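A short write-up of the structure that comes next.
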Ligand SMILES: [Zn+2]
């Protein structure tokens, strides 16, 4: 008898239930888009440490030879349609942010993101998982020190062909690499303190203009940025 048949009820039960059952973390997976992305190498690492925290002045991807960021990322996603974003979930408390609150909101004192903290306060969320809010491709995964610490940036291609970028900062651990495709809900890192500078929290940005320089995290001009919590709430998956 072919005992594989015994697995079928189990597989069905997983596929019809919440994606909370699925652990999407593949930290050792090879970057699949490597070779398609042209990363700016050297410039970031050559900056003195004290300047790195003040902001990165170059976009993560070198668009030389491409008409626009859209043209460029169209080429990256071509043949990788399964990684297009079909909806957005929260980066913590998967999938709906349960157990977390926003400690510092978008545009509060010029803040360009939402700071997610566990309801339990303090450093209780240190090491908690951070999930990609949607499927996409990692265009930046580095420890840049300064006020940023470990930063992950992911580009999402939406079903209406527009692009959205998500950014995750102060991470304790980064589990994804530059050039790697990720799925919605995949564990990409853990919540950290940027080397003890803050109480553990996730600084999360969502940008509708992709591939801008990292910046400083604060500005009076939010052009290209949107309020993460509002954006996610209005783009939840329809199933
Ligand atoms: Zn922040």
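The values are calculated or read from the model by the stated rules, or taken from the named source; none is laboratory data. Treat the numbers as computed from the prediction; the structure is a model and nothing was measured. Note: ideal-geometry Cβ built from the backbone for every residue, glycine included; neighbour counts use all protein chains shown.
The one condition from (1) in a loop (DSSP other than H, G, I, E, B); (2) away from the ligand (no atom under 13 Å from the Cβ); (3) in contact (Cβ under 8 Å) with a residue 12 or more places away in the chain that residue 141 does not meet is (1). When restricted to residues that are under 22 Å from residue 106 (Cα atoms) and crowded, with 23+ Cβ neighbours inside 10 Å, the stretch 127-139 contains 5.
I'd like to know if the stretch 114-126 contains one or more residues that are farther than 20 Å from residue 197 by Cβ and assigned to a loop (DSSP other than H, G, I, E, B). Yes - at least one qualifying residue is present in the stretch 114-126. Can you find a residue that is within 26 Å of residue 79 (Cβ to Cβ) and more than 13 Å from the ligand (Cβ to nearest atom) anywhere in the stretch 121-132? The answer is yes; a qualifying residue exists.
Which one is nearest to the chain's Cα centre (by Cα), of the residues in the stretch 202-211 that are farther than 15 Å from residue 104 by Cα and either within 12 Å of the ligand (Cβ to nearest atom) or surrounded by 19 or more Cβ atoms within 10 Å (Cβ to Cβ) (or both)? My answer is 207. Test residue 121 against the criterion of being surrounded by fewer than 22 Cβ atoms within 10 Å (Cβ to Cβ) and under 17 Å from residue 60 (Cβ atoms), and give yes or no. For residue 121, the condition - surrounded by fewer than 22 Cβ atoms within 10 Å (Cβ to Cβ) and under 17 Å from residue 60 (Cβ atoms) - is not met. Take residue 155 and tell me if it is under 17 Å from residue 114 (Cβ atoms) and outside any loop (DSSP other than H, G, I, E, B). Criteria not met by residue 155.
Taken together, 216, 199, 187 contain a single residue that is out of contact with any helix residue (DSSP H, G or I) (no Cβ under 6 Å at 6 or more places or on another chain) and either away from the ligand (no atom under 16 Å from the Cβ) or closer than 19 Å to residue 138 by Cβ (or both), which is 187. Only residues that are within 16 Å of the ligand (Cβ to nearest atom) and surrounded by 21 or more Cβ atoms within 10 Å (Cβ to Cβ): list them for the stretch 166-184, please. Those that are within 16 Å of the ligand (Cβ to nearest atom) and surrounded by 21 or more Cβ atoms within 10 Å (Cβ to Cβ): 166, 167, 168, 169, 170, 171.
Among the conditions (1) free of Cβ contacts under 8 Å to residues at least 40 places away in the same chain; (2) farther than 16 Å from residue 230 by Cβ; (3) outside any loop (DSSP other than H, G, I, E, B), the only one that residue 109 does not satisfy is (1).
Residues of the stretch 226-239 that are away from the ligand (no atom under 12 Å from the Cβ) and within 19 Å of residue 107 (Cα to Cα): 226, 227, 229, 230, 231, 232, 233, 234.
Does residue 147 count as modelled with pLDDT under 95, within 23 Å of residue 58 (Cβ to Cβ) and either more than 15 Å from the chain's Cα centre (by Cα) or within 16 Å of the ligand (Cβ to nearest atom) (or both)?
yes
Looking only at residues in the stretch 71-112 that are closer than 20 Å to residue 157 by Cα and within 16 Å of the ligand (Cβ to nearest atom), the one that is surrounded by the fewest Cβ atoms within 10 Å (Cβ to Cβ) is 90. Of note, residue 122 does not satisfy the criterion of being farther than 27 Å from residue 221 by Cβ and modelled with pLDDT of 95 or more.
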